[in-house]
Amino acid sequence: MVLSRRSFLAGASSLLATPYISKQCLGREAGAALPIPPLVDLKSDAETLEAVAGQSSILGGAKTPTLGFSQPYLGPTLRVSRGNVARPRVVNRLSEPVTSHWHGLHVPAIVDGGPKLEILPGNTWNPELPIDQPACTAWYHSHAHNRTAEQVYKGLAGMIIVDDLNAPDPGLPKTYGIDDLPLVIQDRAFGPDGSLAYSSHHHSTMHGFRADMILVNGAIRPSAPVPAGLVRLRLLNGSNARIYHLRFADGRAYHQVASDGGLLPRPVALTLLRLAPGERAEIVVDFAKGGAVSLLSGPDRNSMMGMGRMGGMMGGAGSPPQAEGGSNGEFEVMRFVADAGKTAAIKTLPESLAGAPKPAQGKPVRRRHISLDMGMGGGMGRRGGMMGGGPMRGGGMMGGLAINGHSFDIDRVDLELKRGETELWEITTSMMAHPFHVHAAAFQVVSQNGKPVDYATTGLKDVVLVDGRAEILLRIDHPADKAVPFLYHCHILEHEDGGMMGQFTVS
Ligand code: C2O
Ligand code: CU
Ligand code: CU
């Protein structure tokens, strides 16, 4: 193996050189009220989304330079409705190109917001988004060529709620900001001057960048007042690389009611939910017994070849973020305080969820193998990463973030699909788990490491965490030509920018 322990440690020291704020400074900033992003209804008339630079008071005192859509950090929650055409006006007020990709919306490639659709500084983009898909929680984020990780880290992201007003009402809480809360979960690091700290060193490129502070909707470990009853939480992992394992401090059970592509057939009782970068999950939590409860997550051990422990030392992959990590490395994400004076609108959870999408993908007409490669020169991947003869990026040991041996090339089409044809994709990984994402559709996960996956527990997905081998059934119903193809990639954003991404056409 070319990558030696010594070179890893060299990476470690340069990361440690990044000045992080010490834990003692943090207590004061945590516990602010949960910010609720404004809700912008994208009816037919154009609403403007402006990519802007701003100053955010995330740390209380020191101002943090950030990016956002129409606000200093993150963007409004966009609401779109099935059967409508949404016409957002996206304006770039920054001095670098951005895009706005509608992650989870099933729209033609020409309006999908990928790296070919850069909005240059000062320019405006007017896409028309025909909305025709089941109700779900989606999101939008910049997807600019080679800049996605950094731009999303700085704040160019927001949530999308897709409504389907003609579908039967599933009977779930739905008052935005009251009993239906958007929660964008991210990890961030800060320098002593309050600025966001980001490292594009090869260590963070290979493991993905993780940081020691947890933000929800842009606030550190915030607190949300909730009615004393059933509350729906729309969880979005908007982090670059961190995987969350979410549970409540008192161990209470809750129900997952939706995943990336929309409702599950019926609520699924859980006490622990894993959420990988790019994934969404809607859960309904019962706060009827009142009081306060913390939402916790555990350490993220997803790193190359069990380097997690060392990663911990270096503030990298496995490190439990911020203060108050329990002995098992758990840490607080946020807190909920039930207000006994406010009764909840929905008293009981329905047994099945009306309007839930069906898998209905049909029989696959072809099978493809997608190998997510991290070449390390050691041939540790199933298909060998660099052993497979793929091109290397950056020379030497840094190479190898690729798919099927090819690092991303914006001028290359990797796959050609036929519109409406169902395909079975076998995705394999090596070195670590990768959240695999496909644009333009939600797919069914058929198996994970040879074991069949129960559709009722996963629903339709557009991101699936693969650690070994997974099979998905996929059908794309929207066109993409070679001028503006669709994308498939790892949603660890450093891996995506680093080359673990491909493009496909649909004819
Ligand atoms: Cu959320 Cu291609 O991305
Ligand atoms: Cu996407
Ligand atoms: Cu990856």
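The table that follows gives values for the structure above.
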{"item": "Search result, residues across region 31-69 that are small (Gly, Ala, Ser) and under 27 Å from Leu165 (Cα atoms)", "result": "Ser44, Ala46"}
{"item": "Strands (runs of 3 or more DSSP E) within region 69-180 that include 2 or more residues surrounded by fewer than 21 Cβ atoms within 10 Å (Cβ to Cβ) and outside the structural domain of Glu279 (by TED's automatic domain parsing)", "result": "77-81, 89-92"}
{"item": "Only one of Val506, Val464, Val446 that is over 12 Å from Leu372 (Cα atoms), within 16 Å of ligand 1 (Cβ to nearest atom) and touching a Leu at 6+ places or on another chain (Cβ under 7 Å)", "result": "Val506"}
{"item": "Of the criteria (1) in contact with a strand residue (DSSP E or B) (Cβ under 8 Å, 6 or more places away or on another chain); (2) surrounded by fewer than 20 Cβ atoms within 10 Å (Cβ to Cβ), which one Leu215 fails", "result": "(2)"}
{"item": "Residue within region 171-186 that is basic (Lys, Arg), in contact (Cβ under 8 Å) with a residue 24 or more places away in the chain and under 23 Å from Ser70 (Cα atoms) present", "result": "no"}
{"item": "Verdict on Val453 being assigned by TED's automatic domain parsing to the domain that holds Ala402, within 16 Å of ligand 2 (Cβ to nearest atom) and out of contact with any Cys (no Cβ under 9 Å at 6 or more places or on another chain)", "result": "no"}
{"item": "Residue that is surrounded by the most Cβ atoms within 10 Å (Cβ to Cβ) [pool: residues in region 221-240 that are assigned to a strand (DSSP E or B) and within 18 Å of the chain's Cα centre (by Cα)]", "result": "Leu236"}
{"item": "Subset tally (residues that are touching a Leu at 6+ places or on another chain (Cβ under 8 Å), in a strand (DSSP E or B) and closer than 12 Å to Glu150 by Cα) for region 181-215", "result": "1"}
{"item": "Region 428-443 residues that are among the small types (Gly, Ala, Ser) and crowded, with 23+ Cβ neighbours inside 10 Å, paired with ones that are at pLDDT below 95 and part of a strand (DSSP E or B) (beta carbon under 9 Å, 6 or more apart)", "result": "Ser430/Met374"}
{"item": "Check on Arg252, farther than 25 Å from Thr271 by Cβ and either polar (S, T, N, Q) or at pLDDT 95 or above (or both)", "result": "no"}
{"item": "Within region 455-488, considering residues that are out of contact with any Asp or Glu (no Cβ under 6 Å at 6 or more places or on another chain) and of a type in the set (Asp, Glu), the one farthest from Glu416 (Cα to Cα)", "result": "Asp467"}
{"item": "Qualifying residue in region 69-90 (condition: among the aromatic types (Phe, Trp, Tyr) and closer than 30 Å to Gly502 by Cβ)", "result": "yes"}
{"item": "Single residue of region 241-259 satisfying the filter (small (Gly, Ala, Ser) and assigned to a loop (DSSP other than H, G, I, E, B)) that is surrounded by the fewest Cβ atoms within 10 Å (Cβ to Cβ)", "result": "Gly251"}
{"item": "Residue identified as among the charged types (D, E, K, R), free of Cβ contacts under 8 Å to residues at least 40 places away in the same chain and either away from ligand 2 (no atom under 14 Å from the Cβ) or farther than 19 Å from Ile492 by Cα (or both) among Glu128, Glu150, Glu96, Glu118", "result": "Glu118"}
{"item": "Options Pro391, Pro321, Pro357; residue that is within 30 Å of Asp180 (Cβ to Cβ), at pLDDT below 55 and either buried (at least 18 other Cβ atoms within 10 Å of the Cβ) or out of contact with any strand residue (DSSP E or B) (no Cβ under 6 Å at 6 or more places or on another chain) (or both)", "result": "Pro321"}
{"item": "Subset of region 102-118 that is touching a strand residue (DSSP E or B) at 6+ places or on another chain (Cβ under 6 Å) and not hydrophobic (A, V, I, L, M, F, W, C) - its residue that is nearest to ligand 1 (Cβ to nearest atom)", "result": "His103"}
{"item": "Selection count, region 99-115, where residues are touching a residue at least 24 places away in the same chain (Cβ under 8 Å), under 20 Å from Glu50 (Cβ atoms) and among the β-branched types (Val, Ile, Thr)", "result": "1"}
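For (1) within 14 Å of ligand 2 (Cβ to nearest atom); (2) touching a residue at least 60 places away in the same chain (Cβ under 8 Å), each residue gets a yes or a no:
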{"site": "Lys461", "(1), (2)": "yes, yes"}
{"site": "Ile472", "(1), (2)": "no, no"}
{"site": "Ala483", "(1), (2)": "no, yes"}
{"site": "Glu496", "(1), (2)": "yes, yes"}
{"site": "Gly499", "(1), (2)": "no, yes"}
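Yes or no, residue by residue, for (1) acidic (Asp, Glu); (2) assigned to a loop (DSSP other than H, G, I, E, B):
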{"position": "Ile410", "(1), (2)": "no, yes"}
{"position": "Thr428", "(1), (2)": "no, no"}
{"position": "Ser447", "(1), (2)": "no, no"}
{"position": "Glu471", "(1), (2)": "yes, no"}
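The values are calculated or read from the model by the stated rules, or taken from the named source; none is laboratory data. From a predicted model like this one, the values you see are computed outputs, not experimental measurements. Methodologically, a virtual Cβ is constructed for each residue, glycine included, from the backbone with ideal geometry; neighbour enumeration extends over all protein chains shown.
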